[in-house]
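Right, one structure below, let's go through it.
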Amino acid sequence: MIDYHNILERINQTVSKEKDKGKIASYIPELANVDINNFGVHLHLVSGKEYAIGNSEQKFSIQSISKVFSLALAMSHIDTAIWERLDVEPSGNPFNHLSLLELENGIPRNPFINSGAIVIADILVSKLKNPKSDFLDYVREITGDNSIDYNYKVAQSEKETGYTNYAAANLLKSFNNLNNDVDVVLDFYFHQCSLEMSCSQLTKAFYLFANQGECLARKSRLTKSQAKRINAIMLTCGFYDEAGEFAFEVGLPGKSGVGGGIVALLPNEFVISVWSPGLNERGNSKLGMQALEQFTTLANQSIF
Ligand code: GLU
């Protein structure tokens, strides 16, 4: 039997000795108000057991991790028609890169770069009756936790400084790949990114991706095939222009966000979330990546 408790303790020891914790994202001003010393891990086995260390119950801004939830909800509404407006190739470029979008005629490389997530937001704005509250209900339901909410200050802060996202949305509109108004779609997108969740809540929410589409409450929210495809996109596109490095070091599908969170999973086995707000140069949590590398090495568990 794997001694997960011991493995998490060892990770905590290594991380606490690390002097260079990376840099907190400040391009969304409201994100800069976080203590860089926060560190938490939560592990949830598909069989039900849970293990945690550090600030695993503290909520933080999940940012791009929310793109997995919006993709899942969009797929459960229109499934394969999504892929007429989006591709599933890694971009090899930063998350907010625009030149590829122009070269490739307004078809974003994948749903996890910003332009792709904005197309998904457009789909949800078209499909949902009350987009922001329906999306929030969906995340609360798959997690089994009604305390999850948007951080309106963070959403407003991003709205005031989100010039590149406005540029991406306008470019999409000029290529006829955005059906709703730019402002309406971005308002949804900024709120989606402002969701605050803890490591513990994130592992519960991602349980359905590790459990073939069935969430913790035993409800089927995705087909087995949809869960498989979302995991594949997490593996190839979940870590900005560092997806190759993450697969190489950690070997799990997952998704990161500029709030310093990372969620990763081994289908049918476990979900693990890490939070350390300091980022590396590519925008992924520096100590979070290190912790997950140590975890899959010590537990000897990865998809490879
Ligand atoms: N809301 C952020 C943005 O669009 C998300 C960035 C991220 O976590 O990758 O810039």
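The values are calculated or read from the model by the stated rules, or taken from the named source; none is laboratory data. Remember, predicted model here, so these are calculated numbers, not experimental data. Neighbour counts run over all protein chains shown; Cβ positions are idealised from the backbone, glycine included. Just the protein is used for accessible areas: all its heavy atoms, side chains included, with ligands, DNA and RNA removed. Shrake-Rupley method; radii C 1.70, N 1.55, O 1.52, S 1.80 Å.
A compact table of results
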read-out: Anchor K173: lysines whose Cα lies under 28 Å away (excluding residues fewer than 8 positions away in-chain); value: K67, K127, K129, K132, K153, K159, K255
read-out: Residue-wise HN-Hα coupling along segment 298-304, computed from phi with Karplus coefficients 6.51, -1.76, 1.60 (Hz; x: Gly, Pro); value: 5, 7, 6, 9, 7, 6, 9
read-out: Segment 117-241 - charge dipole about Cα centre, Lys and Arg +1 at Cβ, Asp and Glu -1, debye rounded to 20; value: 600
read-out: Extended-chain gain in nm, criterion 0.36 nm per residue less alpha-carbon gap, N268 and T223; value: 14.7 nm
read-out: Heavy-atom accessible area order for S174, S200, largest first, 1.4 Å probe; value: S174, S200
read-out: Within straight-line cross-link reach of K204, aspartates and glutamates at Cα separation under 20 Å, skipping those fewer than 8 residues along the same chain; value: E50, E57, D134, D137, E141, D145, D149, E196, E214, E269
read-out: Highest average packing first - 291-304, 109-122, Cβ atoms within 10 Å; value: 109-122, 291-304
read-out: Of every Cα-Cα pair in the chain, the percent that sits beyond 25 Å; value: 43
read-out: Whether segment 180-304 is rounded, prolate or oblate, judged on the alpha carbon gyration tensor where a/c under 1.5 counts as rounded; value: oblate
read-out: Table column - 3J(HN,Hα) (Hz), segment 88-104, Karplus curve with 6.51, -1.76, 1.60, x for Gly and Pro; value: 10, 9, x, 8, x, 10, x, 4, 10, 5, 10, 5, 4, 4, 6, 4, 9
read-out: Per-residue HN-Hα couplings for segment 116-121 [Karplus 6.51, -1.76, 1.60; θ = phi - 60°; Hz; x = Gly/Pro]; value: x, 5, 6, 5, 5, 4
read-out: Pairs of alpha carbons in segment 30-69 whose separation is greater than 15 Å (percent); value: 57
read-out: Nitroxide proxy distance, nm - points 7 Å out along Cα→Cβ at D181 and I303; value: 4.0
read-out: Computed accessible area, K204, all protein chains, 1.4 angstrom probe, square angstrom; value: 50
read-out: Solvent-accessible area, 1.4 Å probe, carbon plus sulfur percent, for the chain; value: 47
read-out: Probe 1.4 Å, protein heavy atoms only - accessible area per residue of the chain in square angstrom; value: 41
read-out: Separation in nanometres of the label points that stand 7 Å from Cα toward Cβ, at H5 and T80; value: 4.9
